[in-house]
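Participant: Can you read through this structure? Questions will come right after.
The values are calculated or read from the model by the stated rules, or taken from the named source; none is laboratory data. Please read all numbers here as calculations on a predicted model, not as lab measurements. As a convention, Cβ positions derive from the backbone with ideal geometry for all residues, glycine included, and neighbour counts pool all protein chains shown.
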Amino acid sequence: MSAPKLTSAPVQAAVNAHSHPEDVPSASSSVVLASPVSADINAERGAQPSSSSSDELAGPPQAEAQGSTQRVADKWLKPNGPPVGATFGARLLTDEGAVFEHNAWDHVTLPDDFKERAEEIMELHRSNPVSENLRDGYNAKPAHYWNKFYSAHQDGFFKDRGWLRLEFPELVACSEADAGPKIVLEVGCGAGNTVFPLLMRNENPDLVIHATDYSKTAVDVVKANKMYPRAEHGSGILHASVWDITSTPSTLASSSSTSTSKSGTSATAEPEEVTYTLPEGIKPGTVDVISVIFVLSALHPREWKQAIHNLYTALKPGGLLMIRDYGRHDLAQLRIKKNRLLDPETPNLYIRGDGTRVYFFEKEELEGMLVAPPSPTLAASEVFGEHGKMFEIEQLGEDRRMLVNRKERKQMYRIWLQVKARKL
């Protein structure tokens, strides 16, 4: 039996299993659960940007008129775009007969038979996984494939995440002139799609941004940018370093007994051996905001626990972890063909054509890893935390957007998840 048609053929070139989350500016989309989720970042290769997507980086703070009271957050808006406080992703389909009048609709409800048809495609994936002799190679060296990806794309992969002001205003708030000392960590920085827009518009002289990626090539791209380590206006500073979010002290240990790991801890055994690693220059309990955007989906599920433990350790009490990633049965998953499911025992984890991994989440999976009890930061210590769980979840949203192929009269669905979790 052939796979059911949940997508249209022309979309194959626009949204496919090999595309990455940063290919084009965003399309506006949102479904409200815990709090508003208003604009999505990536409608994937070939999709049409919406009115909420950004054009270019805003000018530096000096460009503002003297005496202006405009906040940094205001500068993230397009010159002719909606005002602050406007509702984005508000093209609602109220008349089913009008579905083909536009290319996209926000806040959509999935068809009644959507999951049933999607499950037929999932069964096709499970019946045709990646060959066993290739699986270990993909899992053993994920950084290798991301290095190849960024070597091919370099800074041409950069897209200004103008949607950050809408989805993650807490991140932008760190760049306000009166914000005070702030430390921001961007995990999986890629070409700098979050850190450079933030740095360019920054007015906080005490803002310190750390950009990390486990691809050395990506970090080299960031360091080669003319805004590194400071933008022309001179406010704030950016540090970039290679860091594997899933790493443990043992994976960073050097052959030299006197070497120091990237977390700043000795590679040799100590009386109380640490259980975490942190990026270069980051100390435990010091980071105000961490953004993890389309990063967890690049990990194997068995790596999630250590990744969250490392992030939890980096955050200060009350610090905010912000996540955005692929949702289950997103169009990109349904477009995947045979021989891409990495392991039938790990459903929803795939290999793209370039060798990079991608996982498609349910909300409950993200929630579960965040409300789990904290692990001890020292091997022989008591659990670090008094609340029985690591985070209090402030937002858990499923962002659904319908894309329409008017020529072929087809309807397709993008599904993303967004989380804001505060360290207890």
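Participant: Which of the residues that make up region 160-180 are among the hydrophobic types (A, V, I, L, M, F, W, C), closer than 11 Å to S291 by Cβ and not in a helix (DSSP H, G or I)?
Facilitator: F168, C174
Here's the yes/no breakdown for (1) in contact with a strand residue (DSSP E or B) (Cβ under 8 Å, 6 or more places away or on another chain); (2) of a type outside the set (D, E, K, R); (3) more than 30 Å from I183 (Cβ to Cβ):
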residue	(1), (2), (3)
Y326	yes, yes, no
Q333	yes, yes, yes
L342	yes, yes, yes
T346	no, yes, yes
Y350	yes, yes, yes
T377	yes, yes, no
G388	no, yes, no
F391	yes, yes, no
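Participant: Out of region 88-118, which residues are farther than 18 Å from E398 by Cβ and exposed (fewer than 15 other Cβ atoms within 10 Å of the Cβ)?
Facilitator: T94, D95, E96, G97, A98, F100, E101, H102, D113, E116
Participant: Check E186, E170 and return the single one that is buried (at least 24 other Cβ atoms within 10 Å of the Cβ), modelled with pLDDT of 95 or more and among the charged types (D, E, K, R).
Facilitator: Numbers: E170 fails: buried (at least 24 other Cβ atoms within 10 Å of the Cβ).
Within the list E186, E170, the selection yields E186.
Participant: So, in region 192-202, how many residues would count as being hydrophobic (A, V, I, L, M, F, W, C) and under 22 Å from S247 (Cβ atoms)? Walk me through it before giving the result.
Facilitator: Filtering region 192-202 down to residues hydrophobic (A, V, I, L, M, F, W, C) leaves 195-196, 198-200.
Then keep just the ones that are under 22 Å from S247 (Cβ atoms); that gives 195.
Selection size over region 192-202: 1.
Participant: Being out of contact with any Lys or Arg (no Cβ under 8 Å at 6 or more places or on another chain), at pLDDT below 95 and either surrounded by fewer than 17 Cβ atoms within 10 Å (Cβ to Cβ) or part of a helix (DSSP H, G or I) (or both), is that true of even one residue in region 272-279?
Facilitator: The answer is yes, given that some residue of region 272-279 is out of contact with any Lys or Arg (no Cβ under 8 Å at 6 or more places or on another chain), at pLDDT below 95 and either surrounded by fewer than 17 Cβ atoms within 10 Å (Cβ to Cβ) or part of a helix (DSSP H, G or I) (or both).
Participant: Taking the condition under 15 Å from G188 (Cα atoms) and among the charged types (D, E, K, R), does R335 pass? Step through it out loud before you land on a result.
Facilitator: Numbers: under 15 Å from G188 (Cα atoms): no; among the charged types (D, E, K, R): yes.
Considered against the rule, which asks whether it is under 15 Å from G188 (Cα atoms) and among the charged types (D, E, K, R), R335 comes out as no.
Participant: All but one of (1) more than 30 Å from L207 (Cβ to Cβ); (2) outside any helix (DSSP H, G or I); (3) out of contact with any helix residue (DSSP H, G or I) (no Cβ under 6 Å at 6 or more places or on another chain) hold for K316; which doesn't?
Facilitator: Failed condition: (1).
Participant: Sort out which residues of region 236-255 are more than 19 Å from the chain's Cα centre (by Cα) and surrounded by fewer than 19 Cβ atoms within 10 Å (Cβ to Cβ), and write them in order of number.
Facilitator: I237, T248, S250, T251, L252, A253, S254, S255
Participant: Criterion first (in a loop (DSSP other than H, G, I, E, B) and either surrounded by 23 or more Cβ atoms within 10 Å (Cβ to Cβ) or touching a residue at least 12 places away in the same chain (Cβ under 8 Å) (or both)) does P347 satisfy it?
Facilitator: Working: in a loop (DSSP other than H, G, I, E, B): yes; either surrounded by 23 or more Cβ atoms within 10 Å (Cβ to Cβ) or touching a residue at least 12 places away in the same chain (Cβ under 8 Å) (or both): yes.
Answer is yes for this residue.
Participant: Name the residues in region 213-230 that are farther than 20 Å from N202 by Cβ, in a helix (DSSP H, G or I) and among the charged types (D, E, K, R), would you?
Facilitator: K216, D220
Participant: With the requirement that a residue be buried (at least 18 other Cβ atoms within 10 Å of the Cβ) and either part of a helix (DSSP H, G or I) or at pLDDT 95 or above (or both), what does region 352-364 give you? Spell out how you get there, then give the answer.
Facilitator: Filtering region 352-364 for residues buried (at least 18 other Cβ atoms within 10 Å of the Cβ) gives 352, 356-361.
The answer is V358, Y359, F360, F361.
Participant: Considering region 171-199 alone, what residues qualify as being of a type outside the set (D, E, K, R) and farther than 13 Å from R161 by Cβ?
Facilitator: Initially, region 171-199 is screened for residues of a type outside the set (D, E, K, R), giving 171-175, 177, 179-181, 183-185, 187-199.
Within region 171-199, A173, C174, S175, A177, A179, G180, P181, I183, V184, L185, V187 meet the criteria.
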